[in-house]
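Asks: Let me give you the structure first, and then I'll get to my questions.
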Amino acid sequence: MSFSALIPALPTSDAAELEALDETALRNCLMARVEAAWRLAREVHPELPRPHVWFDLRGRSAGQAHYGRGGLRFNTVLLADNRRVFFDEIVAHEMAHWLVFHLKEGRRARPHGREWQRVMRDLFGVAPNVTHRLDVSQASPQPYLYRCHCDTRHAFTSRRHAMARRGSRYACRRCGAPLVFDRRADAAETASAPG
């Protein structure tokens, strides 16, 4: 089956309907979508446990299957700005991880390996893309600017900046010079900072 011939197993979401939802309704609808994906996955693996759902993921990741906590985590900042992608791709992506992990040999499977790709294509009818292409500037701001010897701009997240302040060393990939803290960016610079 080619990627162009994929037919989504879950109904395609309606962008206008999703945009009209407030935050609470959006979360409830996403939980219903997870439930629908779980029911579909149970057709393949009837013993598949129902995952808990949390909206506590931060940073650049859209979603995460968290086996230790027993469920799926989603990033509400990215969800608010990318509703349709979450409903049509991210939920299937994370549920595919959840399903593969719970298969007999799932713990040995590579995270985005053959088994996961097959679940994405054959069960969910979604292209097995490993990473998303969402704008993460609001979810993972990089307000700390660093400089080197060349003109390359270096923007750090709060976490990376704190690590640099505690002694971690970073170098420019272009000129090889050590990166030195310059200043905190203003709001306009933060929004346009490279990822």
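Bear in mind these aren't lab numbers, they're just calculated from the coordinates by the rules spelled out. It should be emphasised that the depicted structure is a prediction, and the values quoted were computed from it without experimental measurement. Neighbour counts run over all protein chains shown; Cβ positions are idealised from the backbone, glycine included.
Asks: Can you tell me the 0 to 90 degree angle between the C-alpha axis of helix 91-102 and the longest principal axis of the chain, rounded to 10?
Replies: The answer is roughly 70 degrees.
Asks: How far apart, in nanometres, would the label points at ARG69 and CYS172 be if each is projected 7 angstrom from Cα along the Cα-to-Cβ direction?
Replies: 3.9
Asks: Quick one: net charge of ARG27's neighbours, Cβ under 12 Å, K/R +1, D/E -1? Walk me through the intermediate numbers first.
Replies: Working: positive: ARG33, ARG83; negative: ASP22, GLU23, ASP56.
Taking every other residue near ARG27 into account, the sum is -1.
Asks: Quick one: net charge around ALA109, please, counting Lys, Arg +1 and Asp, Glu -1 for every other residue with C-beta under 13 Å from its C-beta.
Replies: So the surrounding residues net to +4.
Asks: With mean projected area of the Cα convex hull in nm² as the read-out, I listed (1) 12.4; (2) 13.9; (3) 24.1; which label goes with the value calculated from this structure?
Replies: Answer label, from the structure shown: (2).
Asks: For VAL44 and ASP186, what is the calculated FRET efficiency with R₀ set at 41 Å and r taken between the beta-carbons, to the nearest 0.05?
Replies: Plugging the Cβ-Cβ distance into 1/(1 + (r/R0)^6) gives 0.20.
Asks: To test your reading of the geometry: what angle, between 0 and 90 degrees and rounded to tens, separates the Cα axis of helix 23-42 from the longest principal axis of the chain?
Replies: The two axes meet at around 50 degrees.
Asks: Longest segment of the chain with no GluC sites (Glu not before Pro) in a DSSP loop having at most 13 other Cβ atoms within 10 Å? List each step's numbers first, then the result.
Replies: Details: sites that count: GLU43, GLU47, GLU105.
Here the longest run is 106-195.
Asks: Working out 0.36 nm times the residue gap between ARG84 and ASP56, then minus their Cα-Cα distance, what length gain in nm do you get to one decimal? Don't skip to the end; give the middle numbers.
Replies: Details: separation 28, 0.36 × 28 = 10.08 nm, distance 1.93 nm.
Answer, rounded to one decimal: 8.2 nm.
Asks: Tell me what the chain gives for mean residue ellipticity at 222 nm when only DSSP H runs of n ≥ 4 count, each as -39,500 (n - 2.57), the sum divided by the residue total, rounded to 500 deg cm²/dmol.
Replies: Numbers: 7 runs with 61 residues, N = 195.
So the calculated ellipticity at 222 nm is -8500 deg cm²/dmol.
Asks: Less than 13 Å Cβ to Cβ from GLU89, Lys/Arg counted +1 and Asp/Glu -1: what total charge do the surrounding residues give? Intermediate results must be reported in sequence, preceding the final value.
Replies: Numbers: positive: ARG33, ARG83, ARG84, ARG121, ARG133; negative: ASP88, GLU94.
Here the charged neighbours net out to +3.
Asks: What's the extension gain from ALA162 to GLU17 if we count 0.36 nm per residue and subtract their Cα-Cα distance?
Replies: Details: separation 145, 0.36 × 145 = 52.20 nm, distance 4.09 nm.
Fully extending the segment from ALA162 to GLU17 adds 48.1 nm.
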